């Protein structure tokens, strides 16, 4: 059965199991596990990243063999256990090349 929340979203999301790196804009990266991805944001799980709602983070990931990065604002934080969290970022700084690769990548997943 299709998840009805996916129908209300501005940007369609696809499920993913990609490893991504997450960092405060001026800090070292932390490895995270992406849960889903859209042209407007990304949801991921991470361990040991102490962040606050509204904070800006840089996300770096591989799309079609190309490493791309974007800056997102934390719009949701869900504590999973004592050590890990699930974060949702709304992308706020995305260059044209990254947006194009993201669009192509998402189309490929939706067609599969």
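The values are calculated or read from the model by the stated rules, or taken from the named source; none is laboratory data. Source: prediction; values computed, not measured. For neighbour counting, all protein chains shown are included, and Cβ atoms are generated from backbone atoms with ideal geometry for every residue, glycine included.
Quick notes on this structure:
- Of the criteria (1) out of contact with any helix residue (DSSP H, G or I) (no Cβ under 7 Å at 6 or more places or on another chain); (2) without any contact (Cβ under 8 Å) to a residue 60 or more places away in the chain; (3) within 17 Å of residue 11 (Cα to Cα), which one residue 57 fails: (3)
- Residue 68 vs. criteria surrounded by 13 or more Cβ atoms within 10 Å (Cβ to Cβ), over 13 Å from the mean Cα position of the chain (by Cα) and within 13 Å of residue 20 (Cα to Cα): no
- Any hit, the range 81-96, residues being under 16 Å from the mean Cα position of the chain (by Cα) and under 15 Å from residue 29 (Cβ atoms): yes
- Those residues of the range 45-59 which are assigned to a strand (DSSP E or B) and surrounded by 14 or more Cβ atoms within 10 Å (Cβ to Cβ), in sequence order: 45, 46, 56, 57, 58, 59
- Matching residues, the range 79-95, being at pLDDT 95 or above and over 20 Å from residue 16 (Cα atoms): 92, 93
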